[in-house]
Amino acid sequence: MLSYKVQIHPYSIPFRHPLRTAHGTWSRRTGAIVTLTPPTGQPLQGEIAPLPSFGSETLAQALAWVESLQGTITTEQICAIPDPLPCCQFAFETALLPQLETSMPMANGCPEFTIAALLPAGPTALTHWQTPYQRGHRTFKWKIGCFPNELDLLGLLLAQLPRDTKLRLDANASLTLEQTLTWLDRLDRSPQIEYLEQPLNDLETLLAIAPQFSTPLALDESIASLQQLKEAYHQGWRGVFVIKPAIVGSPKKLIEFCAKFRPDTVFSSVFETPIGRYHGINLAHHCGSDRPLGYGTADWLLE
Ligand code: MG
């Protein structure tokens, strides 16, 4: 049984610009980098990037658990990290996960066209898609539920976006049922829409309305944990599953679930450092995810 020396380095990194979402405004990313040193060979790194508003442990809870290890961990212990610590499961398991060659075609982990670029919410999006487009991005993500008159803004944005692009929308569960139906009526007339993500919270309602529209729906907040993801699949969800690998839970169990059921997945960032970003993208390859990755966020944190 292999035993690793464990070191942990907490970080607190400001966003270049505060990030506005339907959950509120976010100005700093706090987390921790874990370094595992085997008796022989190179140290391995993983990242704890909590998102307690999505049900993960807090950074303080993660640090307390790492502290309890007293500086060493075995492979057996890594396989048995408790489910209430999904960010610790991600950090320790992915540190040991084999690197898939296809995940490293470029220095930053992926060619740009396989990554969706995150646009700023509201009218700022109209002047911010051009630079990522020139860099090669062809899928954009735009948060809705943050500004008034967003349906009008959508019309302006779609009129500008070149034909070879796709737009995914994310409401962060901020719409009423009536607003959701209004959006879907509008989106069904726009073939450039890739999907609408989590318009509202209630999974039963989403299961009921999904078949009425041609625009695919995606779950995000509803499937923040592996348990919720499995339940949604077994309740019949066959739309898109937006997986935040840094907080969803055991990577090994996620790989097993994806191999068995082949869900339609998008792997998405929780604003990690390049270490967590690399492991999230590597895990997406292990899970066979083929939609553009939701990791167009590298420019949002100050280095
Ligand atoms: Mg989302």
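The values are calculated or read from the model by the stated rules, or taken from the named source; none is laboratory data. As the structure is a prediction and not an experimental result, all values here were calculated from the model. When we count neighbours, we look across all protein chains shown, and the Cβ atoms used for this are built from the backbone with ideal geometry, even at glycine.
Structural remarks
- Long-range neighbours under 7 Å by Cβ, at least six apart or interchain, first residue modelled with pLDDT under 95 within the stretch 162-181, second of a type in the set (Ser, Thr, Tyr) and within 14 Å of the ligand (Cβ to nearest atom): Asn172/Thr21
- Identity of the residue in the stretch 168-187, within 15 Å of the ligand (Cβ to nearest atom) and among the aliphatic types (A, V, I, L, M), that ends up nearest to Val266 (Cα to Cα): Leu169
- Within the stretch 36-62, tally of residues that are within 17 Å of Ala246 (Cβ to Cβ) and of a type in the set (Val, Ile, Thr): 2
- Answer residue from the stretch 50-78, given it is assigned to a helix (DSSP H, G or I) and modelled with pLDDT under 95 and is nearest to Leu2 (Cα to Cα) among those: Pro52
- Of the criteria (1) within 12 Å of the chain's Cα centre (by Cα); (2) over 28 Å from Ala121 (Cα atoms), which one Gly288 fails: (1)
- The stretch 189-247 - residue that is assigned to a helix (DSSP H, G or I) and within 13 Å of the ligand (Cβ to nearest atom) and, of those, farthest from Ile275 (Cα to Cα): Ser222
- Listed by first and then second residue, the pairs with beta-carbon distance under 7 Å, at least 6 apart or on different chains, first residue in the stretch 195-210 and free of Cβ contacts under 8 Å to residues at least 60 places away in the same chain, second within 13 Å of the ligand (Cβ to nearest atom) and charged (D, E, K, R), are Tyr195/Arg168; Glu197/Arg168; Glu197/Asp170; Glu197/Asp220; Gln198/Asp170; Gln198/Asp220; Gln198/Glu221; Asn201/Glu221.
- Residue within the stretch 248-259 that is within 16 Å of the ligand (Cβ to nearest atom), in contact (Cβ under 8 Å) with a residue 60 or more places away in the chain and either part of a strand (DSSP E or B) or on the phi < 0 side of the Ramachandran plot (or both) present: yes
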